[in-house]
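A short worksheet on the structure shown next.
The values are calculated or read from the model by the stated rules, or taken from the named source; none is laboratory data. These figures come from a predicted structure and were not determined experimentally. Neighbour counts run over all protein chains shown; Cβ positions are idealised from the backbone, glycine included.
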Amino acid sequence: MAPKWTDIPGEPAELMRLVLDNIPQGVFWKDRDSRYLGCNLHFARAAGVGTPEAIRGKTDLDLPWSREEASWYRQVDQRVMEDDRSENHILETQLQADGHLTWLDTNKIPLHSRDGRVVGILGTFEDITERIQNQKALEQAHDELEAKVIERTAAEREQRTLAEALRDSAAVINSPHASASIVLFLADGQTSRRSWGLDPKTGRSAETFLAYPILTEGVAIGRFELHSPVGQQFSATDRERLATFANQAGLAIQNARLYERASETAALEERQRIARDLHDAISQTLWTISLLADLVPGQWNSNPTEARQTLDRLRTLTHGALVEMRTLLMELRPGALEGAQLPNLVRQLAAVAMNRKKIQIHVSTRGNRDVPPVVQTVIYRIAQEALSNVVRHSQATSAWIVLTFASESIRLSVRDNGLGFESKATPPDHYGLSIMKERAQAVGAKVSISSVPGKGTRVHFLWREAP
């Protein structure tokens, strides 16, 4: 027969302590000022305080975590208590007492007094460091394999394209010689050869030939060959032509590789951004929806009013997830950004931002005009980056977006009432500032960022139509 609760010796408080200390996750609770009121043994060891009793009265600044981590924990604490809403599966890091940096899956829920007031928070965390490390190792192995496949495919495509592009040049070079060949070295040590003017009977050209290497960044990636009948001499003009075409070929390949690398980097960054958005917003929202949906049947029988409130929250979360998903799907469809109305795109970005954070975003448009597709995409991306900074860094409660159309120009302004920052002391690549400027320069536009600590930040974009 299974033991009953009453069969376990000890007072109720001792029994509760026994249960808490045998839970493999860290458990803690704090007051409204984020001061610790208690924890279990697992948390006490991670914090380096020895016993649960020693945690009382401490704040995160008193524990081994970094100042950035302590500030982040307090920020989440206050948000949970102010919104009176739990936050689940928060992925965060923690520098523990033994010096190890760990990854945590954290949950925080508001604690209520008997009269319903929020008086603190209850939190749990699970160490998922090993899971994260395994996931990163798997992703790295996948990326390395994918890179090898892309490299081989790109090399073969590059060789075919070059051979076709230079075929006419080779035809010029080999006249009046018997044949010409372009030989390119493959990554696996093999070669790829394209030849013109070979003997149709033997498939071979004359035995006498002139060769010149094709170089990129000082490395030989192939060679040009001219073949002539035995005894026929190559002239200085032949040698000069061959050297010129080989150098041109090397430069063409180098430029093609640089362009392809830039395109692949841009595609990879965009894929990583979408993956991050899926994880940070949609996956966590769907997880919360799943948990709330499990609660509704039991609430409906015991407390219909509370069940209706849960259903209202489910409706809000579902709507937010749909907005997020529509935005990501639109960005994945070729031409979707160019085909939509720019004011509608900006409003959709604002809706996504408000779904991610409790913030009011006001969108206004002035005037109307046709927008060149490439300019529209740049404006969308800059607005997206600016709003991302508002949500992630500003701690703002309100933001304003103004889109102004004139006959010869388009202006975009994104302003918030958040923390702001010291513009001169901020690196140009911080907060995506350099990316926004590069996007603007690509269409001949200008973007400026102004910020004052404690008074918010403003991003201003201006594009003028070329005369």
**Prompt:** What are the residues in the range 417-447 that are closer than 15 Å to Glu385 by Cα, at pLDDT 80 or above and exposed (fewer than 13 other Cβ atoms within 10 Å of the Cβ), if any?
**Reply:** Glu438
**Asked** What residue, among those in the range 373-399 that are at pLDDT 90 or above and outside any helix (DSSP H, G or I), is surrounded by the most Cβ atoms within 10 Å (Cβ to Cβ)?
**Response** Ala399
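One line per residue, one yes/no per condition, for (1) within 22 Å of the chain's Cα centre (by Cα); (2) touching a residue at least 24 places away in the same chain (Cβ under 8 Å):
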site	(1), (2)
Val363	no, yes
Asp370	no, no
Ser388	yes, yes
Trp400	no, yes
**Request:** Select the strands (runs of 3 or more DSSP E) contained entirely in the range 167-246, then report the ones holding at least 1 residues which are modelled with pLDDT under 65.
**Result:** 191-196
**Asked** Looking at the range 272-293, is at least one residue at pLDDT below 75 and within 27 Å of Arg223 (Cβ to Cβ)?
**Response** no
**Complete:** Note: among Val80, Val76, Val49, just one is outside any helix (DSSP H, G or I) and surrounded by 12 or more Cβ atoms within 10 Å (Cβ to Cβ), namely Val49
**Request:** Check whether at least one residue in the range 28-45 is at pLDDT below 90, surrounded by fewer than 16 Cβ atoms within 10 Å (Cβ to Cβ) and outside any loop (DSSP other than H, G, I, E, B), and report yes or no.
**Result:** no
**Item:** Flag if Gly57 is surrounded by fewer than 20 Cβ atoms within 10 Å (Cβ to Cβ), over 30 Å from the mean Cα position of the chain (by Cα) and not in a helix (DSSP H, G or I)
**Value:** yes
